[in-house]
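Below: one structure, written as structure tokens.
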Amino acid sequence: MKKYINPNLLIDWNLKETETDRKRERNGGYRWKSPSNLAIIKYWGKHGNQLPRNPSISMTLQAAFTETQMNYYLATGKNQLVTFSYNGKENKAFAARIIRFFDSLRPVFPFIDDFEYDMYSTNSFPHGSGIASSASAMSAVALCLCDIEREHFGTLQDDEAFYEKASYVARLGSGSAARSVYGGWTEWGTHECDPSLTDYWATQLTEIHPSFQHMKDMILITSSAEKSVSSSAGHQLMEGNVYADVRYQQAKDRIPLLLSALKTGDWGTFGKIAENEALTLHALMMSSEESYILMHPNSLAIIEIIREYRRETGHHVYFSLDAGPNIHMLYPAAIDIEVRKFVDERLEQYCQGGQIIYDQVGIGPERQESDLGIYSSFVQS
Ligand code: DP6
């Protein structure tokens, strides 16, 4: 995809009119609040430069987000390209990941080495709660970089162009992050149903039934232990998985079914796909050459109880899982009060320390007011 390889995005400092101009443009900062997302049809398996083996569809979350302040300064060559602190503490491991991400971005943003970057980041969800943070973290970084491009080159002025590029860039940091730059529901990956789709960036779905626009996602934290196998390693293991090809085809076949369910408000079809996708993801982990299990005994206990409750009440209450042990319980907003009561009585006891995140379909990333001087209070808040 040549569209975003742009050797012209180089700053010619000599063309800046006055010394004041030059000074002003040497320093700056942007700040974005960007959400995590939950895939209903899962991206699991990749190739080339962060390209998915199959298309995926996700809902953007609202309560689970990362907020990142990115400050940039004209590079002196003396400092590291990126420093990164999380909750006020320097995080060298994550800085190294961002540096690798920036390395992959040189053809897209040739100006990247003109600056050094300090990033300050916080998550709304508790550290170690097992919520995938790479989607929210990498999309926040991508959005800040697109703002720097817009400021220095006058490009990406219209929102469509801005978010499409942000999605392209976020994908290079973490595949699922490509879907986090939009609110509501998002689709990523080529599919024969719609020739306008691409593997290079995600797009927002527009035809969504109101009951899915306001869907609830109650995240039941069964274990906050660090994952034993990263998602990146999991994607890698799909290369030798005997079920891989059948799985990729299954995901492709499900796309039109899920799109139609989301459009018409067909909760039965939605729930069947959501639950089967979650269990298939974990079955693929268990059946890979190096087998591993990320579910916790309490994950299974909760799944059983959700299914029992559904049988008893006929309510549309379903589950999904990410690459971890926590359960995402999905249901229409109209039955929220009843479902909360059910959770208090029957599920809370299976959550570690009673931890639950009350989430729902979200509005997408929001640019925050950037203030270079306030990052110290920001990281403490
Ligand atoms: C199970 O996006 O975390 O959450 O591209 O290696 O960063 P990388 O992987 P990542 O994988 C997400 C996998 C998933 C399913 C999904 O979000 O579609």
Is at least one residue of the range 204-214 farther than 30 Å from LEU347 by Cβ and touching a Lys or Arg at 6+ places or on another chain (Cβ under 7 Å)?
yes
Could you check the range 86-135 and list, in sequence order, the residues that are open to solvent by 30 Å² or more (accessible area, probe 1.4 Å), among the small types (Gly, Ala, Ser) and over 28 Å from TYR358 (Cα atoms)?
ALA93, ALA96, SER104
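Residues checked against (1) of a type in the set (Ser, Thr, Tyr); (2) assigned to a helix (DSSP H, G or I); (3) crowded, with 18+ Cβ neighbours inside 10 Å:
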residue	(1), (2), (3)
ALA274	no, yes, yes
GLU289	no, no, no
LEU300	no, yes, no
ALA323	no, no, yes
GLN349	no, yes, no
GLY353	no, yes, no
Report every pair of residues separated by at least 6 positions or lying on different chains whose Cβ atoms are under 9 Å apart, first residue within the range 244-259 and more than 15 Å from CYS193 (Cα to Cα), second of a type in the set (S, T, N, Q).
ARG247/ASN54; ARG247/ASN241; ARG247/THR280; TYR248/ASN54
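When you scan the range 132-147, how many residues do you find that are in contact with a helix residue (DSSP H, G or I) (Cβ under 8 Å, 6 or more places away or on another chain) and either away from the ligand (no atom under 16 Å from the Cβ) or not assigned by TED's automatic domain parsing to the domain that holds TRP201 (or both)? Full working, then the answer.
We begin by selecting, within the range 132-147, every residue in contact with a helix residue (DSSP H, G or I) (Cβ under 8 Å, 6 or more places away or on another chain); these are 132, 134-139, 141-143, 145-146.
Narrowing further to those that are either away from the ligand (no atom under 16 Å from the Cβ) or not assigned by TED's automatic domain parsing to the domain that holds TRP201 (or both): 143, 145-146.
Total meeting the criteria: 3.
Consider ILE293 carefully, then state whether it is within 16 Å of the ligand (Cβ to nearest atom), part of a helix (DSSP H, G or I) and β-branched (Val, Ile, Thr).
Values: within 16 Å of the ligand (Cβ to nearest atom): yes; part of a helix (DSSP H, G or I): no; β-branched (Val, Ile, Thr): yes.
It is false that ILE293 is within 16 Å of the ligand (Cβ to nearest atom), part of a helix (DSSP H, G or I) and β-branched (Val, Ile, Thr).
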Please state which one of LYS272, LYS263 is within 27 Å of SER56 (Cβ to Cβ) and either aromatic (Phe, Trp, Tyr) or touching a residue at least 40 places away in the same chain (Cβ under 8 Å) (or both).
LYS263
Within the range 41-85, which residues are within 10 Å of the ligand (Cβ to nearest atom), part of a strand (DSSP E or B) and open to solvent by less than 10 Å² (accessible area, probe 1.4 Å)?
ILE41, PRO52, SER56, ILE57, SER58
Any residue in the range 27-40 that is at pLDDT 95 or above, within 26 Å of GLY189 (Cα to Cα), more than 16 Å from the ligand (Cβ to nearest atom) and in contact with a strand residue (DSSP E or B) (Cβ under 9 Å, 6 or more places away or on another chain)?
yes
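The values are calculated or read from the model by the stated rules, or taken from the named source; none is laboratory data. The shown structure was predicted, so the numbers you read here are calculated from the model rather than taken from an experiment. Here the Cβ is made from the backbone with ideal geometry for all residues, glycine too, and neighbour counts use every protein chain on show. Keep in mind that these areas ignore ligands, DNA and RNA; they rest on the heavy atoms of the full protein, side chains included. Shrake-Rupley method; radii C 1.70, N 1.55, O 1.52, S 1.80 Å.
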